[in-house]
Every structure is written in C-alpha cells, then in structure tokens.
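The values are calculated or read from the model by the stated rules, or taken from the named source; none is laboratory data. In this text the structure is predicted, and so the values were computed from the model without any measurement. A quick note on method: Cβ atoms are made from the backbone with ideal geometry, for glycine too, and the neighbour counts reach across all protein chains shown. Heavy atoms of the whole protein, side chains included, go into the accessibility calculation; ligands, DNA and RNA do not. Shrake-Rupley method; radii C 1.70, N 1.55, O 1.52, S 1.80 Å.
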Amino acid sequence: MSDLLNSETKSGQNLIPPSQEQTDALLEMVKEQMDLDTFNPNDHELLKRIIESLGDSRGLVRMRVAETLGQIGELATPFLMEALADHPNVVVRRASAKTLTIIADPKAVPVLVHSFLNDEDTVVQGSSVGALARTGETAVPPLLEILADSNSSENTKGHAAWALAFIGAQAKEYIYKVIDSSSPDVRAAVIGAIAKILQENPQEEAFGIVVKALGDPDTNVRCEAAAVLGNLSYRPAVAHLISLLHHPDWQSRKAAALALMKIGDRTALEPLQAALGQESEIGVQPVIKLAISQIEKQSQQDDDWE
C-alpha cells in the first residue's frame, strides 16, 4: 500500500502526479480513517499527497478530493495556499482555489488576491475571486483596493464588484465608509453591494444612500442606483427618477425610464409622456415608449380588479 500511495517521487523540481490507482487508494484510505476517527490532520505528508490528487484527470474524483479537504478544514489551508500560489499544474491550482471556496478560511485571502490578479489562467483567477466572495468580510478591504486602483482592468474590477455584492451584509462595516470615495468604480460597487443588503434587510437608511446616488457625478453610479431602485420597486424614489429623465446624459435618462417601468407607479405616466416628447436620443425613445406601455398595461389590470 505504501508504494501505491507514494507520490513523493520527483522529476526535477516537480512532483510526479499520482496515478488514478494511487488517488483512488489514497481516498479510500483517508475515508476509512475518517470513518474510524483515526485520521491525523497533522500528517503534513499525507495532506500534500491529497492535494496532489487535485490534479486527477477525472472531474468527479477532483470533487471528491476537494470535499475531503473541505472536511479536514482549515488545517489544510496552508497546503492549499502553497499549491494555489506555486503549483506548476494548472489543474491543481484551479482545484485548490475551488477547495478554498469550500473552506472559506480568512488566512487564505492574501494568496487568493494574488492569484486573482496575477495567475495566467483565467479559471484560476475566477475561482480565486469566487473564494474571496465566500470568505466574506476579511476579503472586503482588498476588493475595495482593487476597485480603487486605476491600474486594474475593467474585467478585474467587474469581478471584484461582483464579489463585494455577493458578500453583501458582511461588508456593511466597510462599504458605508467608502460611499463617498473619490473612485467612481468604488461608489458603483458599493451601490451594488447595498442592493444585496436591501434584498436581505430593507432599511430606509440604505435606500436613502441609493437615492442620493442618483445625483452622483458619474454616469455608471447613477445608472447603477437607478437599476437598484427599479429592481427593488422602491416607490419613494419615483420623484427622483422622474427628475433623472431630464439629465443631460442619455444613459441616465434611459436608466430612469427603465426603473420607472419596473416600479410601475402610474404617477410617472405623465412625466414619461412629456419626456418622450422632448427626447431626441434614438437609444432612449423606445425605452420611454416601453415604460409608458407597461405602466398603462399594469394600471389597466389594477383597475380591472377594483
């Protein structure tokens, strides 16, 4: 059995990947030890062999290895961090990031951030930011730094904003402090994160922040705020959205019309009709027409039930 499980033979500086037979035997042995409560999580060589098995060519086996490491928990984190940062096999790096998503150990945040920003493989990058999202509050400061960094790509910022929104309420302590950030990307991401918080726990204070963002100097922030208010059907924002229908920026006018359509308040009909008569942007006109049509339809349905 020891020969079968030995994956420590080296070729140059790299470990020779274990065979499928070795991986199967290793997993069976570990399962038996766990069932008998004899597994030693401080056996570092055994943990390293398990992590090497993350490179198995069979997806279901990799999942089983990841679940096993998830059961082991935070004692496996240092070895997964090392594999994520340095392993030459991209499959092992990918699986290590996905396994860290299961464990969600805050100690892994620096390595996850580094892999998200620097690994050459897009799957490793995506899995690393997914793990950051699952880790929660500890990941928020570096995510905000990435968003504020002018050198970060739009794709990178988009992933960071998604992770921040996923974290949601756990990020509250940080995001309310940076709502007035000088970075429009941070402000837009904060509005997205507040949307998640509002879905879980509607609070007027948070809605107030989003409504105030309708007057932000940045187009993306205004549009994000309008989208949030529309998606959450926040009727107290109707008057503010009507005002946004006359903003010089056409994207903001379009976002306001869409939000009013989703809210469906019939008091917006007359202002929408007036805005349509003044609208010259070809990309906005059909959106206003659709908003009018949908609100009229909804109003008719409501009247039918009265």
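Look at Gly192 and say whether it is in contact with a helix residue (DSSP H, G or I) (Cβ under 9 Å, 6 or more places away or on another chain), in a helix (DSSP H, G or I) and open to solvent by less than 10 Å² (accessible area, probe 1.4 Å).
no
Can you tell me which residue is nearest to the chain's Cα centre (by Cα) among those in segment 70-93 that are free of Cβ contacts under 8 Å to residues at least 40 places away in the same chain and over 23 Å from Asn40 (Cβ atoms)?
Step by step, filter segment 70-93, then rank; the result is Arg93.
Taking Asp56 as the residue in question, decide whether it is open to solvent by less than 20 Å² (accessible area, probe 1.4 Å), of a type in the set (Asp, Glu) and under 22 Å from the mean Cα position of the chain (by Cα).
The answer is no for Asp56.
For Glu52, all conditions in the list (1) at pLDDT 90 or above; (2) more than 20 Å from Ser115 (Cβ to Cβ); (3) charged (D, E, K, R) hold save one; what is the number of the exception?
(2)
Give the residue that is nearest to the chain's Cα centre (by Cα), with candidates limited to residues of segment 228-237 that are assigned to a helix (DSSP H, G or I) and crowded, with 19+ Cβ neighbours inside 10 Å.
Val228
Please go through segment 95-134 and give me each residue that is more than 25 Å from Gly168 (Cα to Cα), part of a helix (DSSP H, G or I) and in contact (Cβ under 8 Å) with a residue 12 or more places away in the chain, ordered by number.
Ala95 - this is the single residue of segment 95-134 that is more than 25 Å from Gly168 (Cα to Cα), part of a helix (DSSP H, G or I) and in contact (Cβ under 8 Å) with a residue 12 or more places away in the chain.
For segment 153-180, enumerate the residues that are under 16 Å from Val221 (Cα atoms) and open to solvent by 90 Å² or more (accessible area, probe 1.4 Å).
Glu154, Trp162, Asp180 - these are the residues of segment 153-180 that are under 16 Å from Val221 (Cα atoms) and open to solvent by 90 Å² or more (accessible area, probe 1.4 Å).
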